[in-house]
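Remarks on the structure that follows.
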Amino acid sequence: MYQPPRNLLQALQQLDFDEAIGPSDPRFVDTDFGRGATDLRIRLLSKFGLSLSTGEFFPTLGRHVLLFGPIGGGKSTELMRLREQLLAPNTPASGRLYPILLNVRGEVDINNLEYADLFLALAHAVAHELDSLGLQMSDVHIAGLQRWFTEHVLTQDAIRELATQIGTEAEAGGGWPLLLKLTARFSAVFKNSSTYKDTMREVVKKTFTEFAQAFNDFIRAAEGMIKAAGKGERLLLLVDGTDKIPLKQAQSLFLEDTEQLICVQALVLYTAPITLKYAGTTHSKLNSELVLPIIKLESRDGQRFEPGWQAMHQLLDRRIDPAAFASPDLRDTLIQTSGGHPRELLRLLALACESSDTGIIDAQTVERAITLLAAEYRYWLAPEDYTLLAQVDAANGQHVGNDERTRNLLWRLALLHYNDGSWRRSNPVVRRLEGYLHARQALAAPTP
Amino acid sequence: MNLDGQPASDAILPANLQALQRLAKLLGVKRGFQLYILVCPDPRERTHLIGRLTRTPELANRINMTVDLAEHGPNTNPPDDVSMLEARLHRDAPPDAIVHLVNGDGWLDAGRLADLNLHRNALAAQVNASLLWWLPEPTVIALARNAPDLWSWRTGVMAFEGSSAPTTLTPAPPPALDWIALSGMSSEAKTARLDALASALPQLESPPIRLALQFERADLLQSLGRMDEALNLLRGDILPATGDLPSERANALLRIADLLAARGELDTALHLLSNEVLPICKRLGQDMGIAITRGKIADIQIARGQLDEALHILTEELIPAFERLGSVRAKAVTQGKIADILMARGQLDEALRIRTEEQLPVFEHLGDIRSKAVTQGKIAEVLMARGQLDEALRIRTEEQLPVFERLGDVREKAATHGKIAEILMARGQLDEALRIHTEVQIPVYEHLGDVRELLACRANQAIILLKRAAPGDRTEARRLLNQALADARQLKLPGEVEAIESWLSGLNDD
């Protein structure tokens, strides 16, 4: 049975902010009630035509949905949970959608991501998943994609070396094994070689109609095979990590290149940075309603929100033995200061573990951890940022506009938003900074 | 983490121990690619911190390497760009190595910061090591603001303090507009001139001639360290005599402000400059006067530690003003002040770039060998801060000293000897450093009657004696410090008083 570490160094070692916790992990906590988002998965799957309660299923040919949320807020965990739920046998929704989870962070260079990279990574993820299920497509079904590769990609001068190598292998076999190799090789190309990447992007752009047709045929065929194997009726491609790409790239991918995305007739769910929600996605052709909120510690009127506190307590207690704290109220202080953001809580915990000299987290250690986290915000917050944060708090969380500054503060967690984004608060650690205190004072001062 | 019991050569500031322990803990438990942002303004303290870290038993089996990103100064070999840095780290850094990236304040410019922000994935994939970026705070702020993706990958941010306590006493530059004419005069010559002026002045009737000589008298008094007398003269005699001559009044007020600032009366000095001198210059349309006054306001802000505000005045107002006025020399001097601020903030590489690429060529072009030599001294200061003692010593002895000798500038020559003694002290050559103070510097300052320099010299002698700790050294050090303290109090020099008192209190604690 899992026991959270009591030793602070051990706890520190196990804290990895980028590690997504799946539902089968002993550290997993169901935070639905704490977030005030008990129907999120129901709403999400209904976007893809599936009723979670009745199993009724009538999907559109293609659907691209964005799931927004702040970084470190639990979106990856939510996708893993969704995957597990869809694969679970004997539920009304069983056997409808077969999920394939792709984390682009491990597959492509997320700092320089374009739709061409994404499609090839998706092709590889689908091919790889079929292969792991022991399913092989016939030559007829892969003919389009394979032809696109051989006619347009392997003929490029810039990738002659790679093409020569693959050409030799193609002569030796071809068919499904070759397609597996092609998708794997070219997906990797996007991660490791800027020369190949530029060439590949150019090819995808120039031959997009042909590529999209071949890709759609490939997805249709894959869905046919999944159905024939009794695994599901349609594929649901879950793309994680797209919330971590730089904002400009995200904007380009989800706002400017949407025509290319929706040319792909597949059911796809992407994670997206919360900032993008307020940067014009209402005009996007992608479905952009859903937000995974962070955990609420209080309601907008200031009333304590007990389910949120319970969820945060469980999150903390599964990362470190409560006995590591000198007194229980110190856990409350850490939770309160996190503002209900899971990663902020883990950051505070890490800083407390780093700061303790005694092997126990006492009041002094907690105070020091809070001061250290606040100092990290001090490095980048500008005077105007403090003013804006103070204005939001003074307006009791009301939106005071969605300009670039606001979006940046949301993205970098100085501003936290609750429920589906209907109200906001400054991050509690920021409220300790002198810049914020001055801004509050200036707001409170009567105008001359 | 056990960071105790380290050799004295790695003595770190007590205030930095906690942050260093946090860093050591994280390094001990985290493996694979890790990114640490370490805020440290002082290369010497950084060297000590790295030394301590390297000797931490828990990290003893980790390979340490240092990548020096300095672009300016001798023997630099920084990577051209982020890709080359990535390749170098990929090639040289073994798994789980601890890589110290130092002197990157100039290298990490806006372009490379943007590249690094984009390359973070590749860097993480290629380099399976802990990268410790040692940077001054302004560069960390730029990184946090302009490379948010990279910032979000930080394993930890630790802020270390620089050694604010002086290890030697360097007197503030004398508060005069132009010391060149007086700097080489002996104290006897100055006193004789003062006597001559005292007898001549009552006979003179021409107000302009009287005023000019009174200004000279004030300068002489200042140069002899008789600050109160100089101030009284300026306030009591000179200022009333400037009644209908606004530019002379501004001149007198500027000198008064200088003297007040040197005594630590910064508010009064600032008030004079902002509310009296500046309006006169504006009324007279004296653009150069406005620029000089703004420059002095910036000097006061620097003295108050308001470095950002001062930097703003220097870069946004003075540099454009001097460019407009076509004064290349004044611009170069202002750039020197900017470099001073950058150095105080730990941005040594950029400070070095300004010295070598902006200032030196101008002074060379103007044939101003004295200013060139002073600038080379500043370069030596940066190199010394970086621990490049041999090169710093070479500049002092081979570049600076011969120039001051040729110019017959005994004061600057003595000051340069003091700097050489400082380097020798850092190299552990205590006897030779002590000999320079005793046999070379003190006779010169005694001859010049420069109480200010004398007290600094005595304080520095005391520090060397304390370090040497031979029998009797401690008693002699205490005597010298007490003498220096009395002089500093007499001259109303708050900075010097504070420093000497702190050393004396350290002695009394034993």
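The values are calculated or read from the model by the stated rules, or taken from the named source; none is laboratory data. Owing to the predicted nature of the structure, the values given are computational and were not obtained by experimental measurement. Reconstructed Cβ throughout: ideal geometry from the backbone, glycine too, with neighbour counts over all protein chains shown. Just the protein is used for accessible areas: all its heavy atoms, side chains included, with ligands, DNA and RNA removed. Shrake-Rupley method; radii C 1.70, N 1.55, O 1.52, S 1.80 Å.
Each label point is 7 Å from the Cα along the Cα-to-Cβ direction; what then is the distance between the points at B:Glu498 and A:Ser138, in nm?
The modelled label-to-label distance comes out at 8.7 nm.
Take B:Asn61 and B:Leu194, extend 7 Å from each Cα along the Cα→Cβ direction, and tell me the distance between the two endpoints in nm.
Rounded to a tenth, the inter-label distance reads 7.2 nm.
For the stretch A:351-370, state which residues have at least 50 Å² less accessible area in the presence of all protein chains than in their chain by itself, taking the probe as 1.4 Å and leaving out ligands, DNA and RNA.
Buried-area filter returns A:Glu354, A:Arg368.
How far is the Cα center of the stretch A:272-350 from the Cα center of the stretch B:72-112, in Å?
Rounded to whole Å, the Cα centres lie 38 Å apart.
Specify whether the C-alpha gyration tensor of the stretch A:108-159 places it in the rounded, prolate or oblate class, a ≥ b ≥ c being the square roots of the eigenvalues: rounded for a/c under 1.5, otherwise prolate if a/b is larger than b/c and oblate if not.
oblate
Rank B:His417, B:His312 by accessible area, highest first, at a 1.4 Å probe radius?
Final ranking, largest accessible area leading: B:His312, B:His417.
In terms of solvent-accessible area of protein heavy atoms at a 1.4 angstrom probe, what is the ranking of B:Glu58, B:Glu205, highest value first?
Heavy-atom accessible area, descending, gives B:Glu205, B:Glu58.
With viscosity set to 1.306 mPa s at 10 °C, what whole-number translational diffusion coefficient in µm²/s follows for the stretch A:52-183 from Stokes-Einstein and a Kirkwood radius over Cα pairs?
In µm²/s, the coefficient rounds to 90.
Roughly how many Å² of A:Asp139 are accessible to a 1.4 Å probe, to the nearest 10?
Here the residue's solvent-accessible area equals roughly 100 Å².
What whole number of Å gives the distance from the Cα centroid of the stretch B:360-384 to the Cα centroid of the stretch A:379-412?
Distance between centres, Cα-based: 47 Å.
Suppose we take every Cα in the stretch B:224-275 and form the convex hull; what volume per residue is that in Å³?
Expressed per residue, the convex hull around the Cα atoms of the stretch B:224-275 is 69 Å³.
Residues of the stretch A:363-400 with amide nitrogen under 14 Å from the 7 Å Cα-to-Cβ point of A:Ala444?
A:390-391, A:393-395
If the elastic network links every pair of Cα atoms under 10 Å, which of A:Arg432, A:Arg331, A:Arg407 fluctuates the most in the Gaussian network model of chain A?
Of A:Arg432, A:Arg331, A:Arg407, the most mobile in the Gaussian network model is A:Arg432.
Name the most mobile residue of A:Gly69, A:Gly230, A:Gly22, meaning the one with the largest mean-square fluctuation, in a Gaussian network model of chain A with Cα contacts below 10 Å.
Largest GNM mean-square fluctuation: A:Gly230.
If the viscosity is 1.567 mPa s and the temperature 4 °C, what Stokes-Einstein diffusion coefficient in µm²/s follows for the stretch A:204-256 when Rh is the Kirkwood radius over Cα pairs?
D = 96 µm²/s.
Taking the alpha-carbon distance from B:Lys282 and a cut-off under 23 Å, which lysines remain once sequence neighbours fewer than 8 residues away in the same chain are dropped?
B:Lys282 reaches B:Lys296, B:Lys331.
In the neighborhood of A:Ser356, defined by Cβ-to-Cβ distances under 13 Å, what is the net charge if each Lys or Arg adds +1 and each Asp or Glu adds -1?
It works out to a net charge of 0.
Based on alpha-carbon atoms only, what is the radius of gyration of the protein assembly as shown relative to the globular estimate 2.2 N^0.38 Å?
1.16
With a 10 Å cut-off between alpha carbons and a GNM built on chain A, which of A:Ala158, A:Ala414, A:Ala93 moves the most?
Maximum among the listed residues: A:Ala158.
Keeping all protein chains in position, work out how much accessible area A:Ser53 exposes to a 1.4 Å probe, and write it in Å² to the nearest 10.
Probe radius 1.4 Å; accessible area of A:Ser53 about 90 Å².
Between B:Arg154 and B:Thr54, what is 0.36 nm times their sequence separation minus the Cα-Cα distance? Round to one decimal in nm.
33.9 nm
Find the sum over both chains of the accessible area lost when A and B are paired, probe 1.4 Å, and report it in Å² to the nearest 100.
Protein heavy atoms only, the A-B interface buries about 2500 Å².
R0 = 60 Å: FRET efficiency of A:Thr209 with B:Thr76, Cβ-based, nearest 0.05?
Efficiency, rounded to the nearest 0.05: 0.70.
The stretch B:14-111: D in µm²/s via Stokes-Einstein (Kirkwood Rh, Cα pairs, 37 °C, 0.692 mPa s)?
223
Roughly how tilted is helix A:208-228, in degrees to the nearest 10 and between 0 and 90, from the longest Cα axis of chain A?
90
Going 7 Å from the Cα of A:Asp321 in the Cα-to-Cβ direction, what parts of the stretch A:1-20 have a backbone nitrogen less than 20 Å from that spot?
A:1-16
So for chain A: antiparallel DSSP bridges make up what percent, rounded to the nearest 5?
Rounded to the nearest five, the antiparallel share is 20 percent.
Which order, highest average first, do B:21-30, B:212-221, B:447-456 follow once you tally other Cβ atoms within 10 Å for each residue and take the mean per peptide?
In decreasing order of mean packing, B:21-30, B:212-221, B:447-456 become B:447-456, B:21-30, B:212-221.
Over 29 Å between Cα atoms, which of A:Lys197/A:Lys248; A:Lys197/A:Lys244; A:Lys244/A:Lys296; A:Lys47/A:Lys181; A:Lys244/B:Lys30; A:Lys227/A:Lys277 qualify?
A:Lys47/A:Lys181; A:Lys227/A:Lys277
Beyond 23 Å, what share of the Cα-Cα pairs of the stretch A:249-358 is found? Please give it as a whole percent.
49
Quick check on chain A: what are the equivalent-ellipsoid semi-axes from the Cα gyration tensor, as sqrt(5λ), descending, whole Å?
So the three semi-axes of chain A are 43, 24, 22 Å.
Can you give the accessible area per residue of the stretch A:280-408, in Å², using a 1.4 Å probe?
Accessible area per residue: 39 Å².
Using a 1.4 angstrom probe on the protein heavy atoms only, line up B:Lys296, A:Lys197, A:Lys181 by accessible area, largest first.
Ranked list, largest accessible area first: A:Lys181, B:Lys296, A:Lys197.
Would you mind computing the Rg to Rh ratio of the stretch A:1-118 from its alpha-carbon coordinates, Kirkwood style for Rh?
Using only Cα positions, Rg/Rh for the stretch A:1-118 is 1.01.
Count, for each residue of A:245-258, the Cβ atoms from other chains sitting within 10 Å of its Cβ, then give me the mean as a whole number.
Mean partner shielding for this stretch: 1.
Can you give the calculated 222 nm mean residue ellipticity of chain B, where each DSSP H run of n ≥ 4 adds -39,500 (n - 2.57) and the sum is split over every residue, rounded to the nearest 500 deg cm²/dmol?
Counting only the DSSP helices, I get -18500 deg cm²/dmol.
For the protein assembly as shown, with all protein chains present and a 1.4 Å probe, just round the carbon and sulfur fraction of the accessible area to a whole percent.
Looking at the protein assembly as shown in its full context, I get 50 percent from C and S.
Determine the gain in length on full extension of the stretch B:Arg88-B:Glu357; use 0.36 nm per residue of separation and subtract their C-alpha separation, reporting nm with one decimal.
94.1 nm
Quick one: helix B:207-223 against the long Cα principal axis of chain B, what's the angle to the nearest 10°, folded into 0 to 90?
40
Heavy atoms of the protein only, probe of 1.4 Å, neighbouring chains included. What is the accessible area of A:Ser138 in Å², nearest 10?
50
Helix B:137-146 versus the longest principal axis of chain B: what angle, 0 to 90°, nearest 10, using Cα atoms?
Between the helix axis and the principal axis of chain B, the angle is about 60 degrees.
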